[in-house]
Amino acid sequence: MQDVLAKLRSVGSLSLDGVRPVAAPAMELLQGIAPRAAQSHYEGCALSADGRMLAVADAHDNAVLLFRKHAGAGFETVPYRVIEGEPAGLDFPHDVSFGPSGSGEILAVAQRDGVVSLFDPQPGAGDAPLAELRGAETDLSFSDGVAFVPPDGRLLAVSNLLSHSITFYARPSLDSVCFEPRPVHRLAAGSIMRPDGLGISPCGGFLAVANHGAHSVSLFRRGADGGYGPRAMQIISGPDLVHPHSVAFTEGARHLVITNSGAAHVTVLARQQDVFGVSWQRMKHGLPRFTPKAVFDRVNGEDPLRAGRRVWRYGAICWC
């Protein structure tokens with residue numbers, strides 16, 4: 001099984017009445033990156049702001065793999081760096097996110113034991129974390145998803161599987177890699193159930209939460225206080241959502257892409273505006289599939305959640 005890079009093509013525009021998209025997008029496979037070993041268990045992935053670095057969390061090997069973009073459309077298949085071992089101290093890394101720091105970027109890694117570690121992703125940097133969020137004061141609990149909040153990255157959002165919540169942490173400036181341990185916002189809406197992946201629109205105005213335990217995705221609008229909610233502006237559900245794992249907005253929040261742990265397809269929704277406000281509605285085309293059904297069924301038969309979780313963490317790497 002492999003990590004998959006893909007993009008949206010033939011996006012088109014939305015109709016003015018907001019009823020349907022003029023042109024439905026299709027998924028174009030760019031590249032497959034094979035795991036280091038058969039037992040490797042790829043989870044979250046993320047692109048740097050300039051698109052030149054790809055980070056992939058390997059939960060089985062307690063490692064984060066970093067790949068460089070090559071001259072073409074894809075990435076080198078051999079990582080330029082692997083963050084692992086005793087200095088890194090990773091324990092089931094589940095998600096990753098790049099964020100601004102001074103003149104460069106830092107990498108946040110969410111781990112299942114309720115820890116978020118921050119690393120320097122540059123070649124040659126040390127494997128010890130620059131800073132960490134951990135301890136009872138943080139309210140972290142089975143941290144499955146992590147995302148820097150656009151547009152400035154001063155807030156860090158973390159999903160907590162066991163407490164059915166999203167917690168937000170602040171830092172005093174972009175020059176600092178240290179976030180305050182006490183959450184500045186906490187989102188625990190009734191529609192959030194075992195939250196997995198997080199997706200935040202590029203402007204920071206919308207938050208999407210993949211509800212692994214409810215087979216749904218909750219969408220929230222950002223308020224004047226900088227937090228999201230308290231109630232969902234939209235809840236997306238249906239038979240095509242099977243333990244949703246990751247979510248991502250494309251540029252301008254024109255589309256929302258959802259992957260599944262329990263199904264070998266992704267769901268693509270288009271942003272629409274009507275008299276009732278903004279929403280994201282399903283595109284009128286088939287559900288894109290990234291692996292032969294026989295392969296997915298074999299791996300999924302060994303572990304009902306493993307196949308989707310390993311292969312379909314596409315959400316963080318959308319282009320349009």
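No value in this document is a laboratory result; all are computed from the given coordinates. Given the structure is predicted, the values throughout are model-derived calculations rather than measurements. Counting neighbours? That spans all protein chains shown, and the Cβs are built from the backbone with ideal geometry, glycine included.
Numbers at a glance
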{"quantity": "Listed peptides 117-128, 146-157 by packing density, highest first (mean Cβ within 10 Å)", "calculated": "146-157, 117-128"}
{"quantity": "Vicinal HN-Hα couplings computed from phi for region 236-248 (Karplus, 6.51 cos²θ - 1.76 cosθ + 1.60; Hz; Gly/Pro x)", "calculated": "9, 8, x, x, 7, 9, 10, 6, x, 10, 8, 9, 7"}
{"quantity": "Two-site label geometry, Arg134 and Leu162: point separation in nm, points 7 Å out along Cα→Cβ", "calculated": "1.6 nm"}
{"quantity": "Shape category assigned to region 73-156 from the gyration tensor of Cα positions, a/c cut at 1.5", "calculated": "oblate"}
{"quantity": "Where labels lie 7 Å past Cα in the beta-carbon direction, separation of Leu174 and Gln31 in nm", "calculated": "2.7 nm"}
{"quantity": "Distant-in-sequence amide H partners of His245 (H built 1.01 Å from N, under 5 Å)", "calculated": "Thr259, Asn260, Ser261"}
{"quantity": "Convex hull of region 35-188 built on C-alpha atoms - directionally averaged projected area, nm²", "calculated": "9.1 nm²"}
